[in-house]
Every structure is written in C-alpha cells, then in structure tokens.
Amino acid sequence: MNEHVKNVTPETTDLSRRSFLVGTAATGLVLGYAGVPGIDHALAAAPAHFEPSVWYSIAPDGLVTVTCGKADMGQHVASTMAQIVAEELGASWKDMRVQLASNDPKFNDPVLGAQITGGSWSTMMNFDAMSRAGAAGRMALTEAAAATMGVPAGELVVGNSVISHSKSKKSMSFAEVVKSGKATKTFTPDELKAIKLKSPEQYTMIGVSVPQLDIPSKTNGTAKYGIDVMLPGMVYGKVVTPPVRYGATVKSVDDSAAKKVPGFIKAVTLDDKTGTTTGWVVAVANTYANARKAADALKIEYDGGPNAKLSSESLLTEAKRLQGLSDSGQFFVKDGDPNAAFGTAAKVLEAEYTTNINIHAPMEPMNATAEFKGDILHIHTGNQFATRSGAIAAGAAGIDPKYVVMHQMWLGGGFGRRLDADMTVPAVQAAKSVGKPVKVIYSRENDMTMDFSRPLTYQKVKAGMDGDGKLVALSHDVVSAWPTQRWGIPDFLSPSVDKKGPLDAFTVNGADFFYTVPNHYVRAIKNEMAHNATPSGQLRSVAPGWTFWAIESMIDEIAHATGKDPALFRVELLDGKGKNDGGAQRLRNTLLAAMGLAGYGTLKLPKGEGMGVACVSSQERATASWTACVAHVAVAPSGEVKVKKLTVATDVGTQVNPDGIRAQVEGAALWGMSLALFEKATLKDGGIEQTNFDSYTPLRMSQLPEVAVNVIANGEKATGVGEPAVTVVAPAIGNAVFNAVGARVRGLPITAEAVKAAMKA
Amino acid sequence: MPNLNINGRNMSVEAANDTPLLWVIREQLQMTGTKFGCGAGLCGACTVHLNGEAVRSCQTSVADAVGKKITTIEGLSAKGDHPLQKAWIAEQVPQCGYCQSGQIMQAAALLSKNSNPTKDEVVAHMDGNLCRCMTYSRIQKAIMRAATEMRTASATGNERRAT
Ligand code: FES
Ligand code: FES
C-alpha cells in the first residue's frame, strides 16, 4: 500500500511560496494560487467552460462560488469556508454558492498539504488562507472599481457585494466590476501575508448564524451523494464479503445459480494489491436489485485465514498480556518518574478501563462508482481523504495515481469512515473487468461487518497520591490497534519520547492532558493481533474517545478515594503550571461554567439520581477545544441508566457560525452518549457479529435526553467542534452513575447488567 | 411490466414483481431523494407514502405498490415548500442530510392526520427513523413548527371560507 501512498503529495502543494492571482476569465473573476495548472489555464485560455480550478470565482451575475476542498459530511464546512471568504470579500450571503472540489492538489489543505478532512481541523487550518483569499478579491475589485469611478481606492467602502463611494455617491456592484473585466491583480506571497485582515470587532459575517448553504438541497431530495451517481451505460455491483473481517481468501466461486438471475453479468473476485480488502467478490448485474439477487446466489468457498478463530475475548487477553510486559510499547509522555513516586505515595490506586469495538455506520452505506475514460480513471464517491483514496483506487487499477480523478459528492455521514477507500476497490476492479462504469453499493451488512472500526481498547491506569491526597504520579498504558499507522504515511505518526521509533499518536491523544501531575508516563502499546484482525479506522474523535474515558473516570475515582469533590479536585489539578499554562485555565473555566449551568452541587436530586462531571482537551493538545460536561442520570434498580440531561460547555475561541457549532456540539455529545450506552460490536470467529441496526443500535429519538449546549467564544483562535464533545460524555455519565448509586463501571458501553453487578459489588 | 403511479404520474417500470420499490424509484426512475439505509425496515431512510401512509420502500415490493398512489420526497410539494420542508430550513435541521428525506416523509404522514401532535406522539411516530448525525431535537422542533403553521393556515383558510 505504501508505494502508492508515497507519491500522492506532489511538489506543487506548498502554497505558502506561491503568488495569489485575481484575474478575469470568460466566466468571471477567478482567484487562486499561481503556478497551479488550473488557474493559469483558466486565465490564459479563458474558455467558455473551465473546470472549477480555484478556490472561488465570481460570475458576471455576481454569484460567488467557493470551491471546498474539504469533505462535507454534515458539518457544513463548505458553507463555513464560504462564510470566511464572504467576510473579507464583502459579499452578500445571498450571493454565495459552494461546490465540492476534485482531488486536484490545488485544493489541498494549505496547512496539511493534502486533501483530508478530520481531526476537527478544517476551520482552524483554513481560516487564515480563506480570509486572505477573500481579502485579496476585495482589493482587486476595489482597485478596478476605483479606476472606473475615477476615485481613490482608499475612499471606497465594500459591503453586501457593492463597492460604494460616499462622497460622489457612486457605486458598483461586484457583478458590474466583474463584467468590466478590469479586476486583475497578483499578490506575491509576502503581499498576501501582509494583507491586514479584519479584527473581530469589524466582523459582520463571522459570528453570525447565516443559513447553511447546503441545507435546502437536503430537504427536497436534490443533494447528490455518492450513492446517487448515475453514469451513462452504468451497471451495478454488490459485494459479497467473507465471514472473517480480514485475512480470508476466496478458494472458489460457483456462479451457476447466479447465472440464472436475469441481468447477471459477472462475478469478479477482487485481486487487491493494496491490501485494503481480503476475500471479496463483486456480483455485477444490470440493476442493483439483480446484483443483490446474484450476490445471494453465489456459492463461495473461503479460506478463513489467520484471524478466523479470533474473538473480542482473544483481543482483550492479548492486550492484557502486552500491557504486562515491561518493554512493550513506546512512550508518548515521560515526565518525572511515576514508578519511584508510587513507592513513596501514601495511597496508590489502579484500575483497568476498556472499550468495545464500535462501528461508524453512517446512514449512507459505503459506495463508489468507477469509470475508465481513456487514460483516466474517474471515481465518484463521497470521501474524506481524496489524496490517499485516489492512490488506493489507482493501486486497485494498477495505474499511477496521477491518472485518477476523484469526484467529490456530499457525504451521507462520514465520522471518519470515509477516510478509507475500500469502496473504490470493488468498483474499480469490476469496472475494469466488465468494461463499463460500475456503481458498487454495500448492503448495510457489508458496511457493518467490514467497517474500519474504532478498535477494542484496554487501558491500565495507576495513580499515586501523597499524604494530602494530592495526585503526584500517574502511569497510563493504552493498548489498541493503531488506526493511523495503517495508512502507511510516516507524516501522520509521531516520534516517541523514548526514541523507540514512531508511534500512532491517534491512539493516545488526550492522555497528555492539562492536569499538573509531576510524574506522568503514557505508554502507547500496539495490539498487533487486533490490528490485523480488526483493521481499525478513525471513528469520530478517535483516541480521546477512549483515553478520556480512562483518565476522567480515574480522576473521579481518586477524588472519591481521597474524600474530595470530583469537580473541585479537577479545578485544583488545572493549576496552569508550566507547560499547562493557558490551556489549563481555559479548561478550568469551561468546567466551572458547565457546573454552574447544570446546577452541580446545588440541585437536590432524588434517590437513584446523580450528576457526574468530566472535562477534556480534545482533540490534541495543540488543537484543543476546551470542553466540559455535567451528566445528570437516573439509575433504576435494574441497573438501567436513563440520561436526563447533558450540560455541555465548550470553549471554541472564535465562532464562525454559532448555530452550526451548536448543531455539531449537540450531535457530538449525543454520539458520546450513544457510544457510552448503546453501541457495542463484538468479534467472533474473526467476524463482526453485528450486521444491521437491530443488533448495532445507535441512539434513537426516544432515548434523547435534554441537551444544553453552551458555547464560550472568548476571541481566541477558532478551534474544531465536530469531535471534542464526543469524548467528554462517556466519563461524565460513568461518574454520574457512580454518584447516583455507587456503581463504578469501567467498560464501555455501560450496560444495565454491568451497573447492576457493580451496585452489588 | 408493472405500472406505477408516482407523484401523480403514471410510469411503467421494468422490474420483477418482488423487486423492492426502493430500487425501482432510485435506480430505474432515478428519483434519488429516497435513500437506502439498511434494507431491512430498521432505519426509515427509504420512507415514501403509499396512499398517504408512510411505508418503508425497501420492504415494499413493486407488486404491492401497483394501483396505489406513491409519493416521494420529490413529490411532497411542488416547490419544496411543504410546511415541513420550510420548517426544516428554518430550524436548520439537516447535517449530512441523508436521513432527512425519510424523516420528512415520515413526519408528513403524521401531520396529515394530526396537525396538533404531542411530543410523545411525535417521538412514537418518528422512533423508527434513525439519524446518525443525531439531529433529533431539531427534527422535533421542526415538526412542531410545521404543525403550528399548518394549523394557522387551516384556521385562516376556514375563516376565509366562512366569509
Ligand atoms: S432502508 Fe428501508 S428502512 Fe432502512
Ligand atoms: S442528518 Fe445525517 S443521518 Fe440524519
């Protein structure tokens, strides 16, 4: 897989060294970086129709179309990018439009140098570049208008897509300036950098809940997702996946019964050199209904391969064995010497925390449509990582990645699932085999059993307190499959503190918290068995979804063991000393805000009810959104947990679209609750046992608690909001359960049986 | 070749009688607003109306739909301005949006019979429709908003008739 991945980041991606051009083409004003093939072409040739090739364009009718290189999976990121551009450009919101980018490197993230959407990074990392692009456009338009009006550019005011001169009462709309053809300007990188952007008090667009541009199309059935792609002459593929998640091979395929299905074309056994899939067959037919029938009629014999006997239990046993070895894993944090400190500690606590396998299950099942046209392989699918996925598709086709064009679609849910490219493999190989475009659609059963899941995790945490109950030492071992290492891209790995080679920080992020603990070890241990048997992926929030489960539960356990209030104990630990300065204070304030809003410690609760707190610095130390939650639960004698209310506070620095942020935070918090209570997948005989929404059961409307979302915007830099609230909810619920009935549950999901058993214990 | 009446139009389709209506609507008639989520009646993404009743089109065969009036999201209103669609925009309900055609069709069947539902009635009626983005609270608000609009509209309509 690696050799394909290596050459996906061409040298054209460092935009910081390129000039920014504003020019007039036949179709209007185009704005983008120089030296990137698309814009030169657009400006030079000015054809009547050119491929969208730049970040945004302004048509002669004044409509501004922003091209979004980010995957839009419901976070409305395309709309957010348009909002940032519109702020500096001075465009009216009603003139803004969005479109989705292809995998052309010119749409790469200016910071990451690739097309990838995840980590709640998008707003944070694109804010500056999009702002500057907007401002550059405004300056070019203003200068052109000034020349036409015969007034100094400095006296012009821009707003609502109109450039006006108050003294002479002259004005020109953006449309008129574009039609004049005079707006042309080149910014050197230094000039672009020197543009003075608006300060927050000058904002008229950022911080306003403008309606999201994609929403109307999602109320009338017109938004096009990958599954909706229709190509002329297209046929359909239905995958048949083996009973084992990974490692099976096809021994034989008997298609004699499938041949009786009308419209059946062929059964294609995948030869996947990228190693993304193993033992898959695609039944190809003229309609999807027939492809399904044919798939059901295929008789396939498998060799189950090396993982065919593994189960969740075996993965957990292996994790415990690895944790017990003194030399396994690599250090992510190594401060002081916890082992020595445990020797002198007045009190030592030890606990194990686990999470089960979790499945993304976005509502749109995985799908992809592949078409070979001349030299070019066209892939139509909604994907979060076009740069890598294009390379995987190329690998499946046996061609160079530069011949692959990824056509981005709206994503019917991503949550990290669509960072992967498995769906392109059957589409590509089927299309190649039958010589026609093929749309492959997974059944829900394929989608669930072949998920790149959140891995089963096992964590052991040991804490040492001094005579005053102060936390002086913590050692934390995290054992899991390594989802990001699976990508084979060295840039996404981090050096280990003990120089034992790179580690997958996306398995331990969050464990490097902002509490001040003088002796602190965090060890990342790869569970090779789980890594091979359950190829894991990035599930909304990734590591902080499990690291904070352990940390925030343990902090509570320590507080209770030392007779302190768990919330105030956290406040004490967030003293902002040393490297924690800044972040710790923001997190403390956020926690206090959530406590106040929830009535923590002031509301009198009936028997069987309790409140629990947690606070997190998800996603990463460097990119944290400071998030706290107070969960209010009622626990029945049966052990059943009912969440009455989640109070979430989150410090996001700067809000681009407050209503959009609230939607994301609420969705994230409910994801956290769903993972905490309702979602559990298990491995048996090498296969995922849950196949549809009857056995894998995300939260439904009847399980909805009251959710109070409180956003703190204090003018700091904008941070991400799609994930952090996922991570704070499970520990808050676990801690609330303990406060309600004295039951400490250390495994996710928290089931009624586990609560009942812990109540008795 | 079964004959179907979809969104007021008669169409003959080429499909075996046992073909799920969902795939005929989506892939053959290329009306892709109706979505596939589970294929097992567990998610509601594929919800359409048969003679005004909300049904799961993945669990309805073409043969069962013959002779009935089929309505999909594309046919719910002429201009996408059914009170529910307007309320969905006003409350900014959709995130990824994939489940929302099904949510709206499911809700429309409720409001056509009961334009003053209680919250419990809404939950009971909507519980079979999954939203993986967890937009449930906005869905509830939008249904209540649309119900209010429909009641007001029919009240003013009645007044007009009375005069
Ligand atoms: S697709 Fe029909 S109920 Fe899920
Ligand atoms: S809006 Fe994404 S599934 Fe409902």
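Below, the figures for the structure above:
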{"item": "Test: residue in the stretch B:20-27 that is among the acidic types (Asp, Glu), open to solvent by 10 Å² or more (accessible area, probe 1.4 Å) and either closer than 28 Å to A:Asp447 by Cβ or free of Cβ contacts under 8 Å to residues at least 12 places away in the same chain (or both)", "result": "yes"}
{"item": "Meets criteria (within 15 Å of ligand 2 (Cβ to nearest atom), farther than 24 Å from A:Met409 by Cα, outside the structural domain of B:Ser57 (by TED's automatic domain parsing) and among the hydroxyl-bearing types (Ser, Thr, Tyr)) for B:Ser115", "result": "no"}
{"item": "Residues located in the stretch A:142-158, provided they are within 19 Å of A:Lys196 (Cα to Cα) and open to solvent by less than 30 Å² (accessible area, probe 1.4 Å)", "result": "A:Thr142, A:Leu156"}
{"item": "Unique residue being of a type in the set (Gly, Ala, Ser), within 22 Å of A:Phe693 (Cβ to Cβ) and away from ligand 2 (no atom under 16 Å from the Cβ) when the list is B:Ala40, B:Ala15", "result": "B:Ala40"}
{"item": "Residue satisfying all of: in the stretch B:125-143; open to solvent by 20 Å² or more (accessible area, probe 1.4 Å) and under 16 Å from the mean Cα position of the chain (by Cα); nearest to ligand 1 (Cβ to nearest atom) among these", "result": "B:Gly128"}
{"item": "Helices (runs of 4 or more DSSP H) contained entirely in the stretch A:366-480, each with at least 1 residues that are free of Cβ contacts under 8 Å to residues at least 40 places away in the same chain and surrounded by 23 or more Cβ atoms within 10 Å (Cβ to Cβ)", "result": "A:386-397"}
{"item": "Residues located in the stretch A:181-223, provided they are surrounded by fewer than 16 Cβ atoms within 10 Å (Cβ to Cβ), among the basic types (Lys, Arg) and more than 24 Å from A:Ala144 (Cα to Cα)", "result": "none"}
{"item": "Filter result for B:Gly97 (within 16 Å of ligand 1 (Cβ to nearest atom) and at positive phi)", "result": "yes"}
{"item": "Strands (runs of 3 or more DSSP E) wholly inside the stretch A:217-329 containing at least 3 residues that are more than 23 Å from A:Asp451 (Cα to Cα) and modelled with pLDDT of 95 or more", "result": "A:249-254, A:264-269"}
{"item": "Where a residue in the stretch A:551-572 is β-branched (Val, Ile, Thr) and its partner, wherever it lies, is open to solvent by less than 40 Å² (accessible area, probe 1.4 Å) and assigned to a helix (DSSP H, G or I), with Cβ under 8 Å and at least six apart", "result": "A:Ile551/A:Pro731; A:Ile555/A:Pro566; A:Ile555/A:Phe569; A:Ile555/A:Arg570; A:Ile555/A:Leu573; A:Ile558/A:Phe569; A:Thr562/A:Phe569; A:Val571/A:Leu591"}
{"item": "Check on B:Gly33, open to solvent by 10 Å² or more (accessible area, probe 1.4 Å) and not assigned by TED's automatic domain parsing to the domain that holds B:Lys113", "result": "no"}
{"item": "Residue, nearest to A:Phe415 (Cα to Cα), within the stretch A:67-81, restricted to residues that are in contact (Cβ under 8 Å) with a residue 40 or more places away in the chain and either among the acidic types (Asp, Glu) or away from chain B (no Cβ under 12 Å) (or both)", "result": "A:Asp72"}
{"item": "Test set (1) at positive phi; (2) modelled with pLDDT under 95 - B:Pro2 fails condition number", "result": "(1)"}
{"item": "The stretch B:51-91 - residue that is among the acidic types (Asp, Glu) and more than 20 Å from A:Thr219 (Cβ to Cβ) and, of those, surrounded by the fewest Cβ atoms within 10 Å (Cβ to Cβ)", "result": "B:Glu53"}
{"item": "Residues of the stretch A:584-621 satisfying the condition of being within 20 Å of A:Asn509 (Cβ to Cβ) and part of a loop (DSSP other than H, G, I, E, B)", "result": "A:Ser617, A:Ser618, A:Gln619, A:Glu620"}
{"item": "Any hit, the stretch A:526-549, residues being buried (at least 20 other Cβ atoms within 10 Å of the Cβ) and among the acidic types (Asp, Glu)", "result": "no"}
{"item": "Wholly enclosed helices (runs of 4 or more DSSP H) of the stretch A:651-761 bearing at least 2 residues within 14 Å of another protein chain (Cβ to nearest Cβ) and open to solvent by less than 10 Å² (accessible area, probe 1.4 Å)", "result": "A:658-677, A:724-741"}
{"item": "Residue tally, condition open to solvent by less than 30 Å² (accessible area, probe 1.4 Å) and part of a helix (DSSP H, G or I), over the stretch A:558-583", "result": "9"}
{"item": "Any hit, the stretch B:75-85, residues being without any contact (Cβ under 8 Å) to a residue 40 or more places away in the chain and of a type in the set (Asp, Glu)", "result": "yes"}
{"item": "Criterion: away from ligand 2 (no atom under 16 Å from the Cβ), among the basic types (Lys, Arg) and modelled with pLDDT of 95 or more - qualifying residue of B:Lys69, B:Lys141", "result": "B:Lys69"}
{"item": "Given (1) modelled with pLDDT under 95; (2) touching a His at 6+ places or on another chain (Cβ under 9 Å), number of the condition A:Ile376 does not satisfy", "result": "(2)"}
{"item": "Residue within the stretch A:340-353 that is hydroxyl-bearing (Ser, Thr, Tyr), part of a strand (DSSP E or B) and in the same structural domain as A:Ala397 (by TED's automatic domain parsing) present", "result": "no"}
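The values are calculated or read from the model by the stated rules, or taken from the named source; none is laboratory data. Predicted model, so just to flag it, every value in this text is computed and none were measured. Cβ coordinates were reconstructed from backbone atoms using ideal geometry, including for glycine residues, and neighbour counts include every protein chain displayed. Calculation scope for accessible area: heavy atoms of the full protein, side chains included, ligands and nucleic acids excluded. Shrake-Rupley method; radii C 1.70, N 1.55, O 1.52, S 1.80 Å.
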